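The values are calculated or read from the model by the stated rules, or taken from the named source; none is laboratory data. Since the model is a prediction, treat every value here as computed from it, not as a measurement. Cβ atoms come from the backbone with ideal geometry, glycine included; neighbour counts cover every protein chain shown.
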Amino acid sequence: MTAPASPLAARHDCLLVVDFGSQVTQLIARRLRELNIYCEIHPFQAVDAALLARLAPKAVILSGGPASVIDAGSPRPPAEVFDLGVPVLGICYGQQVMMQMLGGEVVRGDGTAEFGRAFVTGSEPLDILDGWFDGGREQVWMSHGDHVARLAPGFGVYATSPGAPFAVVADPSRHFYAVQFHPEVHHTPNGRRLYENFVRLAGFTGDWTMGAFRDEAIQRIRDQVGDAKVICALSGGVDSSVAAVLIHEAIGDQLTCVFVDHGLMRLNEAEEVVGMFRDHMNLPLIHAQEQDLFLGALDGVSDPETKRKIIGKLFIDVFQKHADEIEGAAFLAQGTLYPDVIESVSFSGGPSVTIKSHHNVGGLPEKMGLKLVEPLRELFKDEVRALGRELGLPDKFIGRHPFPGPGLAIRCPGEITREKLDILRRADAVYIDQIRRHGLYDEIWQAFAAILPVRTVGVMGDGRTYDYACSLRAVTSVDGMTADYYPFSHEFLGETATRIINEVRGINRVMYDVTSKPPGTIEYE
Ligand code: XMP
């Protein structure tokens, strides 16, 4: 199954990225979207004449990938991409595919593999390298085993590196370009310029802006929903908040939001969400106060998966109960984002292992016979944030760190009690306050405190204490799939530990978690 081409391609200049499975394909799309270019990523298997006709791309990029073009059955784009009369850029594996398909030769990289930082030097001027080499050589990021041994007819060499004599090759008359390195990654500092040059010469006007998207999205929601009613599970997270506000702008009070308060929210969070959306933005919002139901069901439960299953099931029951009261609800709104829609290229074809079961509203639409409204399906997270700003959501909501559906339950390993949740909430609030005061909040992907199921001995004043230990976590990440711990200074950590112990009764020991993901996960359960 492939993600269908979006109708947005018909309204905007579209660039097609053919995905061969590189780890960094999404970054190509990110770089292009930053340049106000609308692009879609499609796996190579899905690119056929029909898709090309539907998208009518103004340019094509062939991504990198783990395969070797020398191997039989290795992935190829359809030959038609070279007959469209539009500029084509091949990156890494994409370069090798281009050379192989257009009559050149690629050989195995015995001893010539290059991984990591490299420096390229220009040999001839070339339009996509405009602004490169002004200061001499350029740093790039290489990651290849095989390499091009003979150029395809019509191509010339425009830049080289010590390990890649064909670092940049091109046939400028056809606007075919191919680079051995990855211009989309951070470690190719001037990569953005190369993309800018490429889209300029392809004739893009940069018509992809959040203002334009907002107007179109509103029209599409109206067309899809008509006068039916829509329900939305609002968590207060960025995605569901932006989706709800956008849909509300499109159809007003045909939308009802349900905020399920499971008693596992952070300090003052429920009041903030309800205050913001119901009182300030006038969204019809049901505040389902079900703390007793959830905490009762979790009483005595310490197994992580059992906790998740209980919360997931109750969430759906509660949501359904309230949704049933809304007569004529035909649609469920979801804040699905583009990274969830892009089909990943799998060579093994095997299913990936489930590490944890995420619940959210999975399974609800089928069960309730609802159709989905997913107005953020084409957007990346930072575009959702930009749209949120466009819609007037305050920065405090837009820049929030992710918060998991099961809430504090998975930051309280072992049995959950109201007392522990209360201690955890207060420790977490002090920690986040510290991070904000030090101006670090936006540098961190996610930060939170967890309360550990262990008491330790301490001494405060002249007395002995026997209280809980808490662990602080802060990670940097781009997508939550991998993460590294945030390198706070010792001063910051010392000051934070002192504040937590002084201000939060019930905690007498503070730890900082320096585990990356993998092997750890971001949450504790
Ligand atoms: P892990 O702990 O798996 O988390 O490294 C990766 C990211 O996902 C978030 N997370 C969840 N989000 N429902 C959600 O909506 C869940 O059940 C859930 N579990 C983890 C986590 O906060 C992190 O950002």
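Which condition from (1) under 26 Å from residue 140 (Cα atoms); (2) part of a loop (DSSP other than H, G, I, E, B) is the one that residue 208 breaks?
All conditions pass for residue 208, except number (1).
Would you check which residues across segment 171-224 are hydroxyl-bearing (Ser, Thr, Tyr) and touching a Phe, Trp or Tyr at 6+ places or on another chain (Cβ under 9 Å) and list them?
Within segment 171-224, 177, 188 meet the criteria.
Here are 191, 211: which of them is surrounded by 15 or more Cβ atoms within 10 Å (Cβ to Cβ) and in contact (Cβ under 8 Å) with a residue 60 or more places away in the chain?
Going through 191, 211 in turn, the sole match is 191.
Considering segment 295-312 alone, what residues qualify as being within 13 Å of the ligand (Cβ to nearest atom) and surrounded by 12 or more Cβ atoms within 10 Å (Cβ to Cβ)?
304, 307, 308, 309, 310, 311, 312
Do we find that residue 337 is more than 16 Å from the ligand (Cβ to nearest atom) and modelled with pLDDT of 85 or more in this structure?
no
Quick test for you: out of 410, 435, 423, pick the one residue that is assigned to a helix (DSSP H, G or I) and touching a Gly at 6+ places or on another chain (Cβ under 6 Å).
Exactly one of 410, 435, 423 is assigned to a helix (DSSP H, G or I) and touching a Gly at 6+ places or on another chain (Cβ under 6 Å), namely 423.
Scanning segment 471-525 for residues that are basic (Lys, Arg) and over 21 Å from the mean Cα position of the chain (by Cα), which turns out farthest from the ligand (Cβ to nearest atom)?
Within segment 471-525, the match that is farthest from the ligand (Cβ to nearest atom) is 505.
Answer yes or no: is there a residue in segment 455-477 that is modelled with pLDDT under 95, part of a loop (DSSP other than H, G, I, E, B) and touching a strand residue (DSSP E or B) at 6+ places or on another chain (Cβ under 6 Å).
Checked segment 455-477: at least one residue is modelled with pLDDT under 95, part of a loop (DSSP other than H, G, I, E, B) and touching a strand residue (DSSP E or B) at 6+ places or on another chain (Cβ under 6 Å).
Considering only segment 395-415, state which residues are near the ligand (Cβ under 7 Å from one of its atoms), buried (at least 17 other Cβ atoms within 10 Å of the Cβ) and closer than 17 Å to residue 243 by Cα.
403, 405
List the number of the failed condition for residue 377; all other conditions in (1) closer than 25 Å to residue 475 by Cα; (2) modelled with pLDDT of 80 or more hold.
Every condition holds for residue 377 apart from (1).
Check residue 159 against each of (1) without any contact (Cβ under 8 Å) to a residue 60 or more places away in the chain; (2) among the aliphatic types (A, V, I, L, M); (3) surrounded by fewer than 23 Cβ atoms within 10 Å (Cβ to Cβ) and name the one condition it does not meet.
Just one mismatch for residue 159, condition (3).
Could you say which residue among 486, 468 is in contact with a Leu (Cβ under 7 Å, 6 or more places away or on another chain), assigned by TED's automatic domain parsing to the domain that holds residue 452 and buried (at least 19 other Cβ atoms within 10 Å of the Cβ)?
Unique residue meeting the criteria: 468.
Taking the condition of being more than 15 Å from the ligand (Cβ to nearest atom), surrounded by fewer than 20 Cβ atoms within 10 Å (Cβ to Cβ) and in contact (Cβ under 8 Å) with a residue 60 or more places away in the chain, how many residues in segment 225-246 meet it?
The number of residues fulfilling the criteria is 2.
Given the options 383, 366, name the one that is more than 16 Å from the ligand (Cβ to nearest atom), in contact (Cβ under 8 Å) with a residue 12 or more places away in the chain and part of a helix (DSSP H, G or I).
Exactly one residue qualifies, and that residue is 383.
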